Amino acid sequence: MTLELAIRLSEIILGLAIFQQSLEFIRSFQLEKILGLIRALLAIVLMLGFYPLLVETVLLVTSIVLIKRFQGPYNGGSDTMSLLVLLCLWLSHWAPVGYWKEIALGYLAIQLVLSYFQSGWVKVINPDWRNGRALQQVFAFTAYPVSNRLRMWAQRPRLLLVMSWTVVIFELLFPLALINQTMLIIALCFAAFFHLANACLFGLNRFFWIWPAAYPIIMWFQTRLAEIF
Amino acid sequence: MGFVTDPTAQPSNWVAFRALPEQIGFFSGLLRLFHNPQWNELLYINTCAEHLFESYSEFSEQEIGNRLLVALRSGEIVATGEADYLMFRIRVLEFDAGQSQGEVVFVSRPFAVSLSGVRQ
């Protein structure tokens, strides 16, 4: 995948993710509603590809205003990822030469790899994740399961043990997907399915939209790595 | 959360805010993938509650109070009986040695229901 195509695809998916987030803010009140409206309009312009540097600059400013408003991210990791993708794309437009453009987007690709690998590492060193109890407690006690019927999954320890290890192995092996493009496509499909499952089980819909915004960039990054090595 | 007429009193009846549905159907789940503002707001309220659990934060208390007042004003929450003030509390479920137990770790100040504006 070429750098230009990766940037364009990434901006379209990012625009979609920001549009989705902004529509939810429009349902809110006061400053959130106003910022939601502004960001929804900017997201449409971003998807259309007009004035990307200007649009991304305003989106960055409004992102910072939102962080200040909520004294941190509103929706945890999905807001952080949105900001990271936006910042790296903005830097890629701002960069005077191709070398710095590649540095900015390479950084995003590495962060994406780390987002999975580090998450897997944190889990695998935790005995509760290794024996499935951590996921059992997530279903039983946390605010995340979206229905009472899902809470009952806490009583299915074997299923949760299999789910825990599937996630841990996938996350730890994710960096190896950079070896080959076919492996990367398979890994990204699995990752998208993982985010879809999180959206269905725990209501984390924003994660499902924002993580794929970085997938075109990692596709380009893998191609670039293959050229170098 | 609960309601009182005397700001120095404690609610006699506490109810959960946005209690979980029994189950979510396929089409409802599909819609939630695209648009789920109430759930994401609930996750944000949980973040604020975690901050309050760790140490007191006026911002977090105000944020939760504001959102409950907005829910009341929009009709999502219906107060039973006389309700001049709204209060909320945070109950933490702890899991220790195979046993789970709930403990109330925070009770908010009263928020006047009659105030139309929501402070930011």
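What follows draws every value from the coordinates through simple rules; no lab data is involved. Just so you know, these numbers come straight off a predicted model, no measurement behind them. We place every Cβ from the backbone using ideal geometry, glycine too, and count neighbours over all the protein chains shown.
What length, rounded to one decimal in nm, is gained on full extension from A:ASN180 through to A:PHE193, with 0.36 nm per residue of separation minus their alpha-carbon distance?
Extra length available between A:ASN180 and A:PHE193 comes to 2.7 nm.
What is the ratio of the Cα radius of gyration of the range A:136-214 to 2.2 N^0.38 Å, with N the residue count, to two decimals?
Values: Rg = 14.2 Å, N = 79, 2.2 N^0.38 = 11.6 Å.
So the range A:136-214 has a normalised radius of gyration of 1.22.
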Task: Estimated Rh, the range A:32-106: Kirkwood, alpha-carbon pairs, angstrom - done: 13.0 Å
- [ ] With a Förster radius of 25 Å, plug the Cβ-Cβ distance of B:VAL104 and A:SER119 into 1/(1 + (r/R0)^6) and report the FRET value to the nearest 0.05.
- [x] 0.15
Task: Kirkwood Rh, Cα atoms: Rg over Rh of the protein assembly as shown - done: 1.00
Task: Amide H partners (placed H, <5 Å) of B:PHE106, local residues excluded - done: B:ILE90
- [ ] Report the local net charge at A:ASN131: Lys and Arg +1, Asp and Glu -1, summed over other residues whose C-beta lies under 13 Å from its C-beta.
- [x] +3
- [ ] Taking each pair of different alpha-carbon atoms in chain B once, compute 1/r for the pair, average those values, and report the inverse of that mean as the Kirkwood hydrodynamic radius in Å to one decimal.
- [x] 15.9 Å
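For n ≥ 4 DSSP H runs only, could you compute -39500 (n - 2.57) per run for chain A, divide by its residues and tell me the 222 nm figure to the nearest 500? If you can, show how the numbers build up before the last one.
On the way: 12 runs with 183 residues, N = 229.
That comes out to -26000 deg cm²/dmol.
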Task: Whole-Hz couplings from phi, Karplus 6.51/-1.76/1.60, listed for the range A:190-205; x for Gly and Pro - done: 5, 4, 5, 5, 4, 5, 5, 4, 4, 5, 6, 7, 10, x, 8, 5
TODO: Report the FRET efficiency, 1/(1 + (r/R0)^6), for B:LEU31 and A:THR142, where r is their Cβ-Cβ distance and R0 is 22 Å, rounded to 0.05.
DONE: 0.40
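Would you list A:VAL122, B:VAL78, A:VAL85, A:VAL58 from fewest to most Cβ contacts within 10 Å?
Working: A:VAL122 12, B:VAL78 7, A:VAL85 25, A:VAL58 16.
Starting with the residue having the fewest Cβ neighbours, the order is B:VAL78, A:VAL122, A:VAL58, A:VAL85.
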Task: Span from the the range A:172-226 Cα centroid across to the the range A:1-38 one, whole angstrom - done: 19 Å
Open item on the list: Could you work out the relative contact order of the range A:58-141? I mean the mean sequence separation of Cα pairs under 8 Å and 6+ apart, divided by the number of residues, in percent.
Closed with: 16 percent
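Taking chymotrypsin sites (Phe, Trp or Tyr not before Pro) as exposed when DSSP calls them loop (any state but H, G, I, E, B) and at most 16 other Cβ atoms lie within 10 Å, what is the longest stretch of chain B free of them, the sites themselves excluded? Mind dumping the intermediate values first?
Working: sites that count: B:TRP14, B:PHE17, B:TYR56.
With chymotrypsin sites (Phe, Trp or Tyr not before Pro) excluded where exposed in loops, chain B gives B:57-120 as its longest stretch.
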Task: Phi to ³J(HN,Hα) by Karplus 6.51 cos²θ - 1.76 cosθ + 1.60 over the range A:53-68, Hz, x for Gly, Pro - done: 5, 5, 4, 5, 5, 5, 5, 5, 4, 5, 5, 5, 4, 5, 4, 5
Open item on the list: Per residue of the range B:11-24, what does 6.51 cos²θ - 1.76 cosθ + 1.60 with θ = phi - 60° give for ³J(HN,Hα)? Whole Hz please, x for Gly and Pro, Karplus curve as stated.
Closed with: x, 7, 10, 9, 10, 6, 8, 6, 4, 5, x, 5, 7, 10
Task: Farthest toward positive dipole pole in the range A:68-171 [+1 Lys/Arg, -1 Asp/Glu at C-beta], among A:MET163, A:ASN126, A:PHE141 - done: A:PHE141
